[in-house]
Amino acid sequence: PRTERTFVAVFPYVVKFKGDLLVGSNEPITVDTTRLQAQLDNPRLQQRLAQAGLGDTWRNGLLDKLVQQQWTPADKPALADINSDWWPKDEYGVAE
């Protein structure tokens with residue numbers, strides 16, 4: 001979608017997480033899956049997840065799908081049709 005292309009055009013480093021959450025930065029972004037796994041293995045968190053009906057199946061599959069895509073300045077594609085202040089397409093409902 002145009003919103004994602006616009007975001008990627010603005011930030012040199014972008015990570016797209018599960019659920020279409022985009023995080024952008026001027027500096028490289030490192031996702032420490034070892035640290036995240038250690039936090040997911042915390043018994044208190046496991047208890048809370050179980051109370052919410054989110055057991056081991058959810059917890060074990062989380063890291064496999066957490067990061068969906070990453071962009072750096074070296075591998076960004078040429079981005080066309082982005083949103084800008086001069087031509088704000090999405091705010092006015094212009095079809096993509």
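Tell me whether region 37-48 contains one or more residues that are within 29 Å of D81 (Cα to Cα) and either of a type in the set (G, A, S) or surrounded by 11 or more Cβ atoms within 10 Å (Cβ to Cβ) (or both). For region 37-48, residues within 29 Å of D81 (Cα to Cα) and either of a type in the set (G, A, S) or surrounded by 11 or more Cβ atoms within 10 Å (Cβ to Cβ) (or both): absent. Starting from region 1-15, take each residue that is farther than 16 Å from Q68 by Cβ and list its partners that are open to solvent by 40 Å² or more (accessible area, probe 1.4 Å) and assigned to a helix (DSSP H, G or I), counting only C-beta distances under 9 angstrom and pairs at least six apart or across chains. Every condition considered, the pairs that remain are R2/D90; T6/D90.
Across region 4-32, what is the number of residues that are assigned to a helix (DSSP H, G or I) and either at pLDDT 85 or above or exposed (fewer than 14 other Cβ atoms within 10 Å of the Cβ) (or both)? Residues in region 4-32 being assigned to a helix (DSSP H, G or I) and either at pLDDT 85 or above or exposed (fewer than 14 other Cβ atoms within 10 Å of the Cβ) (or both): 4 in total.
Starting from residues that are among the aliphatic types (A, V, I, L, M) and surrounded by 10 or more Cβ atoms within 10 Å (Cβ to Cβ), keep the ones in region 60-96 and report whichever is modelled with the lowest pLDDT.
Ranking the candidates gives V94 first.
The values are calculated or read from the model by the stated rules, or taken from the named source; none is laboratory data. Keep in mind it's a predicted model, so treat the numbers as computed, not measured. Positions of Cβ are backbone-derived with ideal geometry, glycine not excepted, and every protein chain shown enters the neighbour counts. Areas reflect the complete protein model, heavy atoms only, side chains present, ligands, DNA and RNA absent. Shrake-Rupley method; radii C 1.70, N 1.55, O 1.52, S 1.80 Å.
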